[in-house]
Amino acid sequence: MPDAGFPLPSGVRLLDVVLVSRAVAESSRRLDKIAQLAALLARTPPDEVDVVVAFLSGCVRQGRIGIGVRAIRAARDVTPAPEAVLALADVDRTLTQIAATGGAGAATARPALLRQLLSRATPAEQDFLVRLLFGELRQGALERVLIDAVAKAAQVPVDRLRRAVMMAGALPIVASAVLKQGDAALDGFLLTLMRPIQPMLADSAADVGAALAGHAGEAAVEYKIDGARIQVHKDGEHVRVFSRALNDVTSAVPEVIDLVRALPAHSAVLDGEAVALRADGMPQPFQVTMRRFGRRLDVERLRTELPLAPFFFDCLYVDGGSLIDDPLARRVAVLDRLVPAAAVVPRTVAADPDAAARFAGQALDSGHEGVMVKRLDAPYTAGRRGSAWVKVKPAHTLDLVVLAAEWGSGRRHGFLSNLHLAARDTERGGFVMLGKTFKGLTDELLAWQTGECLAREVGRDAYTVYVKPELVVEIAFNDIQASPQYPGRLALRFARVRRYRSDKTAAEADTFQALQVMYRQMTGAEPPAR
């Protein structure tokens, strides 16, 4: 029986979510995942649905709660509860309290609140909460599976639910409404000015020929600009700008506001990118552009020092009419009439792979990261990846040394997954860590990697096995960014495993000095001092 000091929880227990999360992670069958999730959602009170959906999606409603990784790990050093007594609502309230705690004592008060919460959790619940806060709860309950589960629990058509989620920008609010009110609730989720919708996403292809092969006839080929995704809503003089994650970033981008206010339309919704340009018109590295979005002070000074240029590639709404369901050809025709050419992403229409490849070469020569190939007859399917949009960008590779690997979760439980990657340091000796990745690993490679790492183990903690620096792995990545997180002050962006290089020793791995040269070539800037 539960400890007399703790009342039995009402509503959904944290343990209920933990058990379903585990069952979903262990299942390889999509229908089984959906059935498990739907059963939990069907018995969840409406006012707790958004919390359940958030947790099963691998996040918390509060976003960042102001506690770092070390503090989270330190907070776990408490005696776990012998019985499951935590109500999900209590967990959510505590996380809200932690996130709201500010002031001089916040650095101490927040971990203390987390320790109190974890002391009421069983070992399984502690593990779930810690991985949830780390953002490492990879349990297989992706949003598309959750959408199917909500549709099953609410007994509504999944296509109608998916469209409502697209318009609302997030699943929890729609799930709560539909489980409370049924199918009729979905009618209220329409494209509405000043409420961002989920952005349309793209699949990838190795080259433009492969991307064009999926399209019958001509396709739009656009520069792929590596900036900050923006969705801009205009209603008269009122303009708001939202990020890829649907956060309001209006105050950070006055250049975008000025341009959109001047457009010859009373109302509009535009999709595009904002990028900082160098004096020669070449794009700045992604992380330089993002400096404009991480600051709320000194915007006018930054506007002078680091001006942003918006480039739009889609129009979703204009003067009272939604264009979501219209083909891309019509949407970009409206865009071209509405927006000055200098603020429209360069685009051509091609069916011939050679012509498309030449255009892609122009994009790369202009400093951009590749091209997008888009079906001209496709509607705007927000929040979903598919063959209607395909991105093509060259990848760089390095042969790096594995320094450590972290234990996986979900389907990767029991395997060493997340690799710590490093380059040789020819100046100071040893190795310089450049980041981590768990991407690109097949089940077969994961099992092999686990055995090889354990055979080279030199130490471990609760999460990580440290190994002799002997394994060499070929890593593909998109670019290099400055990062204060690592001793070399540089990190790989979008790193993924290509293959292990059993033909190479650690002494033959690529060097940190070679990486610094690549950084200079990519950015035109000196690498940060170590």
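The values are calculated or read from the model by the stated rules, or taken from the named source; none is laboratory data. Note that the structure is a prediction, hence the values are computed from the model and not measured. Cβ sites come from the backbone with ideal geometry, for glycine too, and all protein chains shown count toward neighbours. Just so you know, the surface numbers come from the protein's heavy atoms only, side chains and all, with ligands and any DNA or RNA stripped out. Shrake-Rupley method; radii C 1.70, N 1.55, O 1.52, S 1.80 Å.
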Carbon plus sulfur fraction of accessible area for segment 168-210, probe 1.4 Å, in percent: 56 percent
Could you check how many percent of all C-alpha pairs in the chain are farther apart than 37 Å? 39 percent
Set the bar at 26 Å for Cα to Cα. Now go through LYS391/LYS439; LYS33/LYS439; LYS436/LYS468; LYS152/LYS391; LYS224/LYS439; LYS33/LYS391 and name every pair that lies beyond it. LYS152/LYS391; LYS33/LYS391
Taking the Cα centre of segment 260-409 as origin, work out the dipole magnitude from +1 charges on Lys and Arg Cβ and -1 charges on Asp and Glu Cβ, in debye rounded to 20. 320 debye
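Rounded to the nearest whole Å², what accessible area per residue is found for the chain with the 1.4 Å probe?
Ligands and nucleic acids excluded, the figure is 45 Å² per residue.
By average Cβ neighbour count within 10 Å, what is the ranking of 98-104, 505-511, 32-38 from highest down?
My ranking of the peptides, most packed first, is 32-38, 505-511, 98-104.
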Taking segment 352-468 and dividing mean pair separation by its residue count, relative contact order in percent (alpha carbons under 8 Å, at least six apart): 18 percent
Among rounded, prolate and oblate, which fits segment 12-154 when a ≥ b ≥ c are the square roots of the eigenvalues of its C-alpha gyration tensor, a/c under 1.5 means rounded, and a/b larger than b/c means prolate? prolate
Determine the sum of side-chain charges near LEU95: Lys and Arg each +1, Asp and Glu each -1, restricted to other residues whose C-beta is under 15 angstrom from that of LEU95. +2
Sort the following peptides by mean Cβ neighbour count (other Cβ atoms within 10 Å, averaged over residues), highest first: 412-418, 226-232, 452-458. 226-232, 412-418, 452-458
When the Cα centres of segment 70-131 and segment 358-418 are compared, how far apart do they sit, in Å? 35 Å
Given unit charges at Cβ for Lys, Arg (+) and Asp, Glu (-), the dipole magnitude of segment 1-132 about its Cα centre in debye, nearest 20, is 460 debye
For SER417, what residues show an amide H to amide H distance below 5 Å, using hydrogens built from the backbone and excluding near sequence neighbours? GLU406, TRP407, GLY408
In Hz, Karplus ³J(HN,Hα) per residue of segment 259-267 (6.51, -1.76, 1.60; θ = phi - 60°; x = Gly, Pro): 5, 6, 4, 7, 5, x, 8, 6, 9
Rounded to the nearest 10 Å², what accessible area does LYS439 have for a 1.4 Å probe in the complete protein model? 110 Å²
Charged-residue dipole, Cβ positions (Lys, Arg, Asp, Glu), the chain about Cα centre, Debye nearest 20: 680 debye
Projected onto the charge dipole of the chain (+1 at Lys/Arg Cβ, -1 at Asp/Glu Cβ, origin at the Cα centre), which of CYS315, TYR486, MET282 gives the Cα projection farthest towards the positive end? TYR486
Tensor-based shape of segment 40-98 (alpha-carbon gyration tensor, a/c under 1.5 rounded, otherwise prolate or oblate): oblate
Looking at the square roots a ≥ b ≥ c of the eigenvalues of the Cα gyration tensor of segment 216-306, which shape do they give, rounded for a/c under 1.5, prolate if a/b is larger than b/c, or oblate? oblate
Using alpha carbon coordinates only, what is the Rg to Rh ratio of segment 312-424, with Rh defined as the Kirkwood radius? 1.14
